[in-house]
Ligand SMILES: Nc1ncnc2c1ncn2[C@@H]1O[C@H](COP(=O)(O)OP(=O)(O)O)[C@@H](O)[C@H]1O
Ligand SMILES: N[C@@H](CCC(=O)OP(=O)(O)O)C(=O)O
């Protein structure tokens with residue numbers, strides 16, 4: 001922190017300053033050159049800032065993008081590839097360069113780095129989710145810095161996250177982080193894209209009302225990353241709903257941000273409104289099918305928080321089994337909730353639309369129990 005910087009005041013900023021367990025996400029554009037290769041100098045400056053926090057006693061999970069971008073120049077490519085196979089080839093070259101660079105850079109401070117490459121399945125399937133949580137917890141309690149990225153080389157286009165901002169928000173929940181810091185190439189959230197001219201900085205986001213009138217673009221400036229500002233704002237709201245406050249600033253200001261200076265945009269925690277299981281259902285789980293509901297069922301499930309019964313279901317789509325996650329749609333087709341279904345898809349067509357007393361006793365259970373339902 002430089003002498004002319006002021007100390008963070010808001011609760012969200014104080015939480016970032018005091019966080020014992022911290023998730024930091026850094027984007028491709030902050031780690032790579034425009035030609036597509038690792039920028040070792042910028043990476044070292046980032047690690048200096050992170051290592052200072054670890055030396056002060058924080059546990060650190062670093063969600064680092066940059067694998068695809070770092071593989072561009074070594075493979076003789078001209079720009080970020082668009083097809084999945086070349087992206088995966090670039091990621092396989094770039095990820096190992098990234099891992100090596102982080103290990104070498106943290107070694108300057110005698111910190112050990114563990115690499116954790118996650119697929120969407122690891123965060124979306126509950127059994128994998130628990131396993132990923134256990135691995136990360138163990139790494140942190142053993143004193144290592146965990147460096148996380150999506151496992152780009154094996155993920156297919158259908159199951160890719162493709163967006164490390166959201167992955168970072170889910171990881172923050174996964175490890176029960178005290179704060180999430182999103183580092184980009186822009187120093188804060190503005191009410192419009194600062195590349196387009198006049199835009200005012202948004203310092204604090206206490207709730208959704210503070211985002212009214214803010215337009216966040218969905219493409220980055222460099223062409224190296226993926227998410228743009230929209231994905232950062234979305235990720236911040238997911239983390240905040242899990243009770244994790246977020247600070248958004250530039251990688252260039254990492255040292256100030258982690259040193260408690262009043263920089264960037266702070267998003268206050270709005271949660272935890274959901275239990276860990278419901279958070280997972282709402283934000284992480286992938287859906288295997290869809291149930292269409294009539295108006296009465298929508299009111300029962302969304303407003304009155306009741307279990308879903310066969311009588312209010314008008315249609316069944318997808319091939320799911322009991323225990324899978326399904327989406328619930330209102331008569332207009334909008335998804336209004338998600339839940340863990342108690343029946344196989346094949347069992348439902350002859351039961352739907354019928355009230356419980358018309359059904360044989362063994363089929364009088366709820367289709368989705370209220371405890372397994374989360375309105376969106
Ligand atoms: N409302 C906004 N506030 C700040 N930046 C914005 C906004 N809308 C669009 N942007 C652009 O989003 C870019 C950051 O996104 P991106 O390049 O994807 O970051 P990263 O590679 O760090 O994930 C900024 O450089 C900025 O030009
Ligand atoms: N997993 C990809 C990064 C995807 C991504 O979200 O990139 P970015 O927008 O730079 O954070 C990679 O390492 O290249």
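Read-outs: derived from the displayed coordinates by stated rules, not from any lab. These numbers come from a predicted model, not from an experiment. Don't worry about glycine lacking a Cβ; one is built from the backbone with ideal geometry, like all the others, and counts go over all protein chains shown.
Starting with the highest mean, order 10-18, 72-80, 24-32 by the number of other Cβ atoms within 10 Å, averaged over the residues of each peptide.
In decreasing order of mean packing, 10-18, 72-80, 24-32 become 24-32, 10-18, 72-80.
How far is helix 164-174 tilted, in degrees, relative to the longest principal axis of the Cα atoms in the chain, given as a value from 0 to 90 rounded to the nearest 10?
70
Only helical DSSP H runs with n ≥ 4 go in: add -39500 (n - 2.57) per run for the chain, normalise by residue count and round the 222 nm mean residue ellipticity to 500 deg cm²/dmol.
For the chain, the value works out to -9000 deg cm²/dmol.
Which whole-number value in Å³ per residue fits the convex hull of the alpha carbons of the stretch 138-216?
Taking the convex hull of the Cα positions in the stretch 138-216, it is 167 Å³ per residue.
Which order, highest average first, do 324-337, 193-206, 258-271 follow once you tally other Cβ atoms within 10 Å for each residue and take the mean per peptide?
Highest to lowest by the protection proxy: 258-271, 324-337, 193-206.
Among DSSP bridges having both ends in the stretch 11-278, what percentage is antiparallel? Round to the nearest 5.
Of the beta bridges lying entirely in the stretch 11-278, close to 20 percent run antiparallel.
Percentage of Cα-Cα pair distances in the chain greater than 34 Å, rounded to whole percent?
Counting pairs separated by more than 34 Å, the tail of P(r) holds 33 percent.
Measure nothing but the geometry: give the 0 to 90° angle between the long axis through the Cα atoms of 228-241 and the longest principal axis through the Cα atoms of the chain, rounded to 10°.
The two axes meet at around 60 degrees.
Please give the Cα centre distance for the stretch 113-133 versus the stretch 279-297, rounded to the nearest Å.
22
Grab the beta carbon distance between residue 41 and residue 193, set R0 = 30 Å, and tell me the FRET efficiency rounded to 0.05.
0.65
Could you calculate the contour length gain from residue 362 to residue 230, that is, 0.36 nm times the residue separation minus the distance between their Cα atoms, to one decimal place in nm?
My answer for the length gained is 42.8 nm.
On C-alpha positions alone, give me the angle between the axis of helix 40-55 and the longest principal axis of the chain, in degrees, nearest 10.
Tilt of helix 40-55: around 70 degrees.
With the Cα gyration tensor of the stretch 287-375 giving a ≥ b ≥ c as the square roots of its eigenvalues, does the rule (a/c under 1.5 for rounded; else a/b larger than b/c for prolate; else oblate) give rounded, prolate or oblate?
rounded
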